[in-house]
Amino acid sequence: MSRRNKKHEEEPENHERWLLSYADFITLLMIFFIIMYSMSEMDKSKYNELASVFSMEMGGGGTGILEGESESGDGENSKGSTELTEEEQQEEVKETIDAYIDTSELNDSVTTSIEERGLVLSFNDALFFDSGNAEIKADQQNKFIDIGKLLNQPALKDSFIRVEGYTDSVPVSNPKYKSNWDLSVLRASNVAQIIINDSGINPNRVSVVGYGEYRPKSDNKTNEGRLENRRVDILILNSEFNNTEQVAQ
C-alpha cells in the first residue's frame, strides 16, 4: 500500500510552465511596439499648429518651437519645409492662425481665406474699432500683435504684406476725417504700424491702402452687408504679384 502511494506522489513535473511566462512577455512587448508606432504616426501638421499657438501664448512668438526643431539639426524637417509649394506654405499658416482664432474665440470677428492673390485675414471693424474712429481699441491691440507674430515666420519671409482698409457707404460724420477714404487708410495704417513695431515684421514687406466705400464685398443697402464691408484685411501676397510691391534696390 505504501509503495502505491509513493509511486502516485512521484508524478513527472510539468516542464512547459515557462511557456506561460514567455507568452505574457511577448504580449507585453507587442503592446509596447504598437504604442510606439502610434506615437510615431502623430499628425505633424496638428502638432505644429498647437506648438505655434502654445509658444505664442507663452510669450515666445509664433514660431519658437518650430524654429527650435529646425536649429536642432533635424535635416528631414528642414528639407521638408523647403519642398512645400507656396500654396502649401500659406495653407499651413492659415491652419495655424485658424487654431489661434479658435482658442481666442475670435470666430465671429476674424476670418481667413486663400484667394488667387494670396492669403487673406479679414478683421471685422466692430470688435477692433469704435464707430467712426481709426484708433485700434486698446484691449484688442494684442490680437493684432499675436497674429502678426504668427505671420512673421521663415515660410513667409519673402512674401509682401498689404494691409487694406474698407468702409461701408455711410458718410463719416466726424471732423477728424474728411471722408471714408481717410478713415479706411488710417485704420489700415494703424494696423500696419502695430504689426511692424510690436510683431517684428520688416516694414519693407508692408504696404497700406485704403479703399473707403468703393470696393464693397457685400450690398451696402442692408445692415448685414454694411457690417461685412467695414473691415481691415491683411493680405499675404502670392509671389506672382511681387512686381506690384517690389522696390528698386
Subject >> Residue match in region 150-168 (condition: under 28 Å from Pro216 (Cβ atoms) and surrounded by fewer than 17 Cβ atoms within 10 Å (Cβ to Cβ)) >> reply: no
**OP:** Could you check how many residues of region 220-247 are farther than 15 Å from Ala126 by Cβ and either in a helix (DSSP H, G or I) or among the basic types (Lys, Arg) (or both)?
**Re:** 7
Subject >> Selection within region 229-249 - open to solvent by 30 Å² or more (accessible area, probe 1.4 Å) and in contact with a strand residue (DSSP E or B) (Cβ under 8 Å, 6 or more places away or on another chain) >> reply: Arg230, Phe241, Thr244, Glu245
Original post:
If you check Glu135, Glu115, which single one turns out to be of a type in the set (Asp, Glu), surrounded by fewer than 20 Cβ atoms within 10 Å (Cβ to Cβ) and closer than 27 Å to Asp158 by Cβ?
Top reply: Glu115
Original post:
Of (1) of a type outside the set (Ser, Thr, Tyr); (2) assigned to a loop (DSSP other than H, G, I, E, B); (3) under 22 Å from Gly118 (Cβ atoms); (4) modelled with pLDDT of 95 or more, Lys217 satisfies all except one. Which?
Top reply: (4)
Original post:
Mind checking which residues of region 179-191 are over 18 Å from Tyr214 (Cα atoms) and either of a type in the set (A, V, I, L, M, F, W, C) or in a loop (DSSP other than H, G, I, E, B) (or both)?
Top reply: Val191
Original post:
Looking at (1) at pLDDT below 95; (2) farther than 18 Å from Tyr211 by Cβ, can you tell me which one Pro171 breaks?
Top reply: (2)
Subject >> Sole exception among (1) farther than 16 Å from Val120 by Cα; (2) assigned to a helix (DSSP H, G or I); (3) open to solvent by 30 Å² or more (accessible area, probe 1.4 Å) for Ile194, by number >> reply: (3)
Subject >> Of all residues making up region 203-214, the number that are in a loop (DSSP other than H, G, I, E, B) and open to solvent by 70 Å² or more (accessible area, probe 1.4 Å) >> reply: 1
Original post:
With Asp146, Asp158, Asp233 as the choices, which residue is farther than 19 Å from Thr112 by Cβ and acidic (Asp, Glu)?
Top reply: Asp158
**OP:** Could you please let me know if Asp146 is modelled with pLDDT of 95 or more, at negative phi, of a type in the set (Asp, Glu) and open to solvent by less than 40 Å² (accessible area, probe 1.4 Å)?
**Re:** yes
Original post:
Does Gly62 satisfy being in contact with a Phe, Trp or Tyr (Cβ under 9 Å, 6 or more places away or on another chain), open to solvent by less than 10 Å² (accessible area, probe 1.4 Å) and at pLDDT below 90?
Top reply: yes
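The values are calculated or read from the model by the stated rules, or taken from the named source; none is laboratory data. Given the structure is predicted, the values throughout are model-derived calculations rather than measurements. All Cβ positions, glycine included, derive from the backbone under ideal geometry; neighbour counts span all protein chains shown. Quick note on the areas: whole protein, heavy atoms, side chains included, nothing else; ligands and nucleic acids left out. Shrake-Rupley method; radii C 1.70, N 1.55, O 1.52, S 1.80 Å.
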